[in-house]
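K.L.:
Take this structure first; my questions come after.
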Amino acid sequence: MAKGKNKGTSDTPRPSGHTGGSKHSRRSETKQYTKTTSFPTKLAMWDFDHCDPKRCSGKKLERLGLIKNMRVGQKFQGIVVSPNGKGVVCPNDLEIVVSNGAAVVECSWARLDEVPFNKIGGKHERLLPYLVAANQVNYGRPWKLNCVEALAACFAIVGKMEWAEQLLSNFSWGLAFLEINKELLEVYQACTDSESVTKAQNEWMDKLQREVQERKEHDGEDLWMQGNANRHAVDESEEDDSEEEEEEEEEEEEVEYDNLGNIISKHSHSHEEDESEDEEPQYDSLGNLISKHDAEEVEEGSEEYSDEDEDEEEEAEELYDKLGNLIISN
Ligand SMILES: C[S@@+](CC[C@H](N)C(=O)[O-])C[C@H]1O[C@@H](n2cnc3c(N)ncnc32)[C@H](O)[C@@H]1O
């Protein structure tokens, strides 16, 4: 294990009244301090003291005695995961990682211009491909991983998943990083060199972009499908239910929908039921409220609702134009 130059085990916090190995430690962190005592490859960092020590993942690795602190002017032989990298970490880096380890630059993202990148680093400086942070500071944000995530990402990409897990398990949120990036990490692990990882990353991002676009279009359709905003309250409460419940309700044939998602009353299918006093509101294919008779005509496909049909206008309690605007209210 690589030990930081200024540390020993004496500064390692110990749980009060606790002996190592107990499952009942007061804090999960305390348990983790006793759990991790070594790491299978070298870990190093240049620490520029930009960050709050309590929130800094690099500092915590240092307190755990897992990472070696590098001086400015010192170079590292292994993979240096750095914003100054040129290519991205790739499975072909496995050999370097196993023999010489991995390093990071502990600094603030906002103060990268203060970091003397020409005096640190090494022969194998790498960027990370697109991955999403799981740490509490930047949760859900892509690219800007913290130090432990960056090291773990490097190990995961070269195929050392157990190392990634071992390192991250020192943080309560740590393993979530592997979970939320699981699929993407598998894509990267199946690559070879830096170019193939970059290509896979770009394809992934294109796919994401397409999905966002499709979702936007779909949401637009959904808005249109809502049709008349004055739809019956019962219908709206049903929309709040889970899909499963909606399906069940459809099966029960309490309500039925046309192929535009508008409610068609059972009454429109059965003449006998049309006789019922219990008159449900009915909607045309644009979600406009129409009378019982209109519904029959729409169902038969013979005629659409017409503003000129005065008799039926009188029967309807409320009438709406095709954009769902109220035009008549009795
Ligand atoms: C800027 S520091 C921020 C550290 C944070 N304060 C913490 O608590 O760990 C994060 C370091 O992780 C590495 N890193 C994170 N994301 C990276 C990426 N997308 N490409 C290259 N290096 C990255 C770099 O060494 C970077 O300097």
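Values quoted throughout were computed directly from the atomic coordinates according to the rules given, and no laboratory measurement underlies them. Values in this document were obtained by computation on a predicted structure and should not be read as measured data. Cβ coordinates were reconstructed from backbone atoms using ideal geometry, including for glycine residues, and neighbour counts include every protein chain displayed.
K.L.:
Pull up all non-local amide H partners of Val88: gap of 5 or more, or a different chain, and H-to-H distance under 5 Å with H placed in the peptide plane.
P.N.:
Those qualifying (amide H under 5 Å, at least 5 residues apart or on another chain) are Leu127.
K.L.:
Quick one: net charge of Lys86's neighbours, Cβ under 9 Å, K/R +1, D/E -1?
P.N.:
Neighbourhood net charge equals 0.
K.L.:
Here's something else I'd like to know. In the structure shown, do any of Lys54/Lys182; Lys86/Lys119; Lys59/Lys86; Lys54/Lys86 have a Cα-Cα gap over 23 Å, and if so which?
P.N.:
From the list (Lys54/Lys182; Lys86/Lys119; Lys59/Lys86; Lys54/Lys86), the Cα-Cα distance tops 23 Å for Lys54/Lys182; Lys59/Lys86; Lys54/Lys86.
K.L.:
Under 5 Å between amide hydrogens, which residues at least 5 positions from Asp47 or on another chain qualify, with H placed 1.01 Å from N in the peptide plane?
P.N.:
Met70, Glu106
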